[in-house]
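Quick notes on the structure that follows.
Derivation of every value follows stated rules applied to the coordinates shown; laboratory data play no part. Please read all numbers here as calculations on a predicted model, not as lab measurements. Reconstructed Cβ throughout: ideal geometry from the backbone, glycine too, with neighbour counts over all protein chains shown.
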Amino acid sequence: MEKKLTSVFKILLFILLFVFCTIYVSNMKGYYSYSNYKKSLLTEEGIRKFEEDVASGVPIDIDDYIEDDIDYSNKISKTSLYISNKIGHFIRGGIVEFFDRITSNIE
């Protein structure tokens, strides 16, 4: 019984680690860099439009040049990000504790 419980625990731990790594990589590499690129592109377009309006003498309103970011997150993405942050915090704490114990044993 205990061997079966250990194998189930290992499989569950592996699945959680895989989910954490997948969410972490997609969050840090893909989405974040794309959103920064999109913001800079919108800023450049807003500056260009502003300069054209100033040159042509059109009345200027700040709301015409700044676009609000649309939040596409939903409950699933918020929950998965929350879970991955908690797993990362847990793993980081375990690693710090592990190296603290190693350091205290060496001294």
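Pairs exceeding a 30 Å alpha-carbon distance, out of Lys38/Lys78; Lys49/Lys78; Lys3/Lys86; Lys10/Lys75; Lys3/Lys75; Lys10/Lys86: Lys49/Lys78; Lys3/Lys75. Each residue, Ile106 and Phe90, gets one label point 7 Å from its Cα in the Cβ direction; the gap between the two is 2.8 nm. Evaluating 6.51 cos²θ - 1.76 cosθ + 1.60 at θ = phi - 60° for every residue in the stretch 44-61, the Karplus couplings come out as 5, 5, x, 5, 4, 5, 4, 5, 5, 5, 5, 5, 8, x, 6, x, 9, 10 Hz, glycine and proline recorded as x. Listing Tyr34, Tyr72 from fewest to most neighbouring C-beta atoms within 10 Å gives Tyr72, Tyr34. Potential lengthening of the chain between Phe18 and Ser56 amounts to 8.1 nm, from the contour at 0.36 nm per residue minus the alpha-carbon distance.
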